[in-house]
Structures are given as structure tokens and as C-alpha cells.
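To start, the structure under review is shown below, and the notes come after it.
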Amino acid sequence: MIAVGCDHGGYDLKQEILRYLEEQNIEYADYGCYSRESVDYPVYARKVAEAVKDGACEKGILICGTGIGISIAANRIAGIRAALCADCFSAQATREHNDANILALGARVVGPGLAVKIADTFLHTDFSGDERHRRRIELIEG
Ligand code: RB5
């Protein structure tokens, strides 16, 4: 199950991402927001981050205008490693090296076609499991 959330700046891109998930038969939970009406991104970052932290969802996707605010907010939740990606190389590397559990996207930064490819890469790349990467993640968690 993939947790998906956005603010108003990410609403349209979230609809594209949900369409992709449906086409791929990937189950998701949509934590809002549900329109282009102005909302506060930390609220949606927290909802998705808590769902991932609690194990209700295995990964999350968060979208705001830049992807910056919503990733900063998600990363305040213990155990969350939210990675803001604007290219597929980063999406692959952050899964392999950081075991990132949330992908953040900036709807005003990447177009929908690239965003879907980034999400596809993120969701289909496994953590390498290498000892050095495990050690570094443990150091992040403290
Ligand atoms: C909303 O206008 C915008 O500030 C938000 O979507 C995001 O870009 C914040 O980092």
C-alpha cells in the first residue's frame, strides 16, 4: 500500500500519480488534499509520514509546489527518510543507498511525464542492503 498526499500546489500532479498507480494495479491510500483550495502542506506530510511510520503503508509519495516544504515536514517524523527527487537517477539511488521510504515531488518543478517515471523508478527499486548503507542509515536514526 502506497500512501499519497499533497497540498494545493501538488493536487493536479497527485491526480496524475493516482492514475499511474491505478494503471499499474498498485494499491494506494489517498490522504488528501482533495482540491486546489489552499491548505497547509505540513498537515499532509504528517498524515503520510505517520502512515508509513506505523506500517499502514510501505512507502509514501508527497507532492507540493516545490517538494521542499513537504519533504522537510515529513523528515521531522522519526524513521521517515523522505527524498525530494527531480530525476530518475536520484530516485534509484535514494532507494538503493538511503532506503528512502517517501518520495517527494515538486509539481512546479517537474512535468507529469517525468514525475510518473520518477515515481515508477522509486517504487520499483529495492534497497541494496549493503552493510555500509545500513550503517549510514543507522547513524541518521541516531
Ligand atoms: C504553496 O504555495 C507552496 O509554498 C508549497 O506548495 C510548497 O512549494 C512549499 O514548499
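The values are calculated or read from the model by the stated rules, or taken from the named source; none is laboratory data. Bear in mind the structure is a predicted one, so any value in this text is a computation, not a measurement. Because the Cβ atoms are built from the backbone with ideal geometry, glycine has one as well, and the counts that use them run over all protein chains shown. Note: accessible area is taken over every heavy atom of the protein model, side chains too, but ligands, DNA and RNA are not part of it. Shrake-Rupley method; radii C 1.70, N 1.55, O 1.52, S 1.80 Å.
Given the condition open to solvent by 60 Å² or more (accessible area, probe 1.4 Å), in contact with a strand residue (DSSP E or B) (Cβ under 8 Å, 6 or more places away or on another chain) and within 16 Å of the ligand (Cβ to nearest atom), answer yes or no: does some residue in the range 109-127 qualify?
Among the residues of the range 109-127, not one is open to solvent by 60 Å² or more (accessible area, probe 1.4 Å), in contact with a strand residue (DSSP E or B) (Cβ under 8 Å, 6 or more places away or on another chain) and within 16 Å of the ligand (Cβ to nearest atom), which makes the answer no.
Return the pairs, sorted by first residue and then second, in which the second residue is assigned to a helix (DSSP H, G or I) and open to solvent by less than 10 Å² (accessible area, probe 1.4 Å), the first residue lies in the range 50-68 and is near the ligand (Cβ under 8 Å from one of its atoms), the beta carbons are less than 6 Å apart, and the residues are 6+ apart or on different chains.
Pairs that qualify, where the first residue is near the ligand (Cβ under 8 Å from one of its atoms) and the partner is assigned to a helix (DSSP H, G or I) and open to solvent by less than 10 Å² (accessible area, probe 1.4 Å), are Cys64/Gly10; Cys64/Ile70.
Being open to solvent by 40 Å² or more (accessible area, probe 1.4 Å) and either outside any helix (DSSP H, G or I) or of a type in the set (A, V, I, L, M, F, W, C) (or both) is the requirement here; does Ala56 meet it?
Yes, satisfied.
Just the residues that are part of a helix (DSSP H, G or I) and either away from the ligand (no atom under 16 Å from the Cβ) or open to solvent by 10 Å² or more (accessible area, probe 1.4 Å) (or both), please, taken from the range 14-32.
Of everything in the range 14-32, those that are part of a helix (DSSP H, G or I) and either away from the ligand (no atom under 16 Å from the Cβ) or open to solvent by 10 Å² or more (accessible area, probe 1.4 Å) (or both) turn out to be Gln15, Glu16, Leu18, Arg19, Tyr20, Leu21, Glu22, Glu23.
Of the residues that sit in the range 66-95 and are of a type outside the set (A, V, I, L, M) and part of a helix (DSSP H, G or I), which one is farthest from Gly5 (Cα to Cα)?
Among them, the one singled out is Phe89.
Looking only at the range 15-49, how many residues end up being touching a residue at least 60 places away in the same chain (Cβ under 8 Å) and closer than 18 Å to Leu84 by Cβ?
Total satisfying the criteria: 2.
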